[in-house]
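Q: Have a look at the structure that comes next, please.
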Amino acid sequence: MFYCSNNQNIYFHTMRPIKTCIVEDVRDVREGMINLLTGDSRFEVLASFSNAETATKELPAWQPEIVIMDINLPGMDGIECLRRVKTECPETQFIMYSIYENDDKVFDALMAGASGYLLKKTPVDKICDALVELKEGGSPMSAQIARKVLDRMRNTGSTEHFDVLSARENEVLQHLARGLFYKEIGDKLNIATNTVRQHIHKIYEKLHVQNRAEAINKVYGRK
C-alpha cells in the first residue's frame, strides 16, 4: 500500500479535490496509485482504466483535471491515447508515469501534449506533490527526465542567460531545469514554497511561456 506525505500546504485545504483518472494496465500499480490518491484529501479519483482503448472512449465523459498515463499499455500505447484524448479534453493535464527513460519516448510524450513525466521509480512521497504542481500549471518531471530534456535542448545550440530574469529567478529556473519540485527548490534556496510559486509565475510571464519545458527550451535551447 502507498501512503502520501502529510506535508500538505494549507492553501489546498480550502480547495476542492483535484479530479483525477488513472490509465495503467498493471493491476498492482493501478491499485497502489488509487490507494495513494484516495488517502490524500487533495485528490478525488474519478475512474481508472487498464487499457488505452477503453480510456480513449470514456475519458471525455469524465473530463478529469489530471490523467496519470502509463506508456506501455497492451494494444494502443499511452502516447497515442494521449493524442486522441487531448483534443476532447482540452483542459485536462496529462502526466506520464512510466518505466521508460528513452529519449524518443520522453519527447514523443511531450510533443503529444504531456505536461509532466514521472518515472515509476519516483519516491511515492513525491508523487502527490508533483500532481499538485501540475494542477498549479507546473510541469513536474523526474530529475533524470529533466536532465534529458535539458541535454537535448542544449545540444540544439548555445545556452543563453536571459537578462530579463532577476538573479533569483535564474536560480529558480536552474533548479527547475534539474527536475526539482517546488518544495525542493524552496528548501535549496531557503524560501517558502509559495514564494517559489510566485517566482515561477513571473518567469513564465517574462519569458511568455506556459510551463517548465517551454521555459527551459527558451533559455537553454536554440537562440
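The values are calculated or read from the model by the stated rules, or taken from the named source; none is laboratory data. Just so it is clear, the structure is predicted and the values come from calculations on it, not from any experiment. Here Cβ is always computed from backbone atoms with ideal geometry, including for glycine, and neighbour counts include all displayed protein chains.
The rows are residues; the columns are (1) part of a loop (DSSP other than H, G, I, E, B); (2) modelled with pLDDT of 85 or more.
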site: V149; (1), (2): no, no
site: L176; (1), (2): no, no
site: G179; (1), (2): yes, no
site: K188; (1), (2): no, yes
site: R197; (1), (2): no, yes
site: I203; (1), (2): no, yes
site: Q210; (1), (2): yes, no
site: A215; (1), (2): no, no
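Q: Taking strands (runs of 3 or more DSSP E) that fall entirely within segment 14-74, which contain at least 1 residues that are at pLDDT 95 or above, closer than 25 Å to D103 by Cα and within 18 Å of the chain's Cα centre (by Cα)?
A: Numbers: elements: 18-23, 43-49, 66-69.
Fully inside segment 14-74 and qualifying: 18-23, 66-69.
Q: Kindly indicate the residue of segment 84-106 that is of a type in the set (D, E, K, R), surrounded by fewer than 16 Cβ atoms within 10 Å (Cβ to Cβ) and more than 26 Å from R16 (Cβ to Cβ) and also modelled with the highest pLDDT among those meeting that condition.
A: Of everything passing the filter in segment 84-106, E101 is modelled with the highest pLDDT.
Q: Which residues, counting only those in segment 54-73, are in contact with a helix residue (DSSP H, G or I) (Cβ under 8 Å, 6 or more places away or on another chain) and surrounded by fewer than 17 Cβ atoms within 10 Å (Cβ to Cβ)?
A: P60, N72
Q: Here's another thing I want to ask about it. Considering only residues that are within 17 Å of L134 (Cα to Cα) and of a type in the set (G, A, S), which ones fall in segment 166-185?
A: A177, G179
Q: Now for a different question. Could you run through segment 36-50 and say how many residues are buried (at least 16 other Cβ atoms within 10 Å of the Cβ) and among the polar types (S, T, N, Q)?
A: Residues that pass the stated criteria total 2.
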